[in-house]
Each structure stands twice: as structure tokens, then as C-alpha cells.
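Visitor: Attaching a single structure in C-alpha cells format; questions to follow.
What follows is calculated from the coordinates using simple rules that are stated; it is not laboratory data. Owing to the predicted nature of the structure, the values given are computational and were not obtained by experimental measurement. Note: ideal-geometry Cβ built from the backbone for every residue, glycine included; neighbour counts use all protein chains shown.
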């Protein structure tokens, strides 16, 4: 997530998955982050990464195998403009 912040990639939200009986399944927990009307892109990027970090660090794992996925705002790779 630190790399997302360095690249000013915004984390729009994410989903939580759980390993159950050797299968990774959604557990329907999630979070989201919307840009505020007075917020610059850089401010939004920093806030969205912080919100994701806070959500993950405070998530109650309770001896479960938990995985997180991210929904990112589009990012153009400098070497691959068509992506």
C-alpha cells in the first residue's frame, strides 16, 4: 500500500475474503472511500491509502485466514500507455 501512495494510486475500496475448507470465499465485509469535493488527487490518494491501512489493521482476524482485495482508480503504466 505504501507503493500505491508513492504512485498516487487511489484505493477506492476493498473486499474481504476468508479461507474456508481450502477455498477462498468472500465474507461480504468491505470498505470504500470517495473523493471529497474540496480534495486534491494527492490528498485523496493519501487519505484512501490511510483508510485502507486502518481498515486492515483494525480488522478482527480472530484466528481466521483473511485476504483483502483492492479496487483501485485506473493507473497508466508509464511504459505501457494502452493498459
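Visitor: Return, ordered by residue number, the residues of the range 28-54 whose backbone nitrogen is under 14 Å from a label point located 7 Å along Cα→Cβ of residue 67.
Guide: Of the residues in the range 28-54, 28 have backbone N under 14 Å from the label point off residue 67.
Visitor: Which value at 222 nm does the chain reach when only helices count, each DSSP H run of 4 or more adding -39,500 (n - 2.57), with the total divided by all residues and rounded to the nearest 500 deg cm²/dmol?
Guide: Value at 222 nm, helices only: -8500 deg cm²/dmol.
Visitor: Output the Kirkwood hydrodynamic radius of the chain, Cα pairs only, in Å rounded to one decimal.
Guide: 14.0 Å
Visitor: What order do you get for 25-37, 54-66, 2-14 when each peptide is scored by the mean count of other beta carbon atoms within 10 Å, highest first?
Guide: 2-14, 25-37, 54-66
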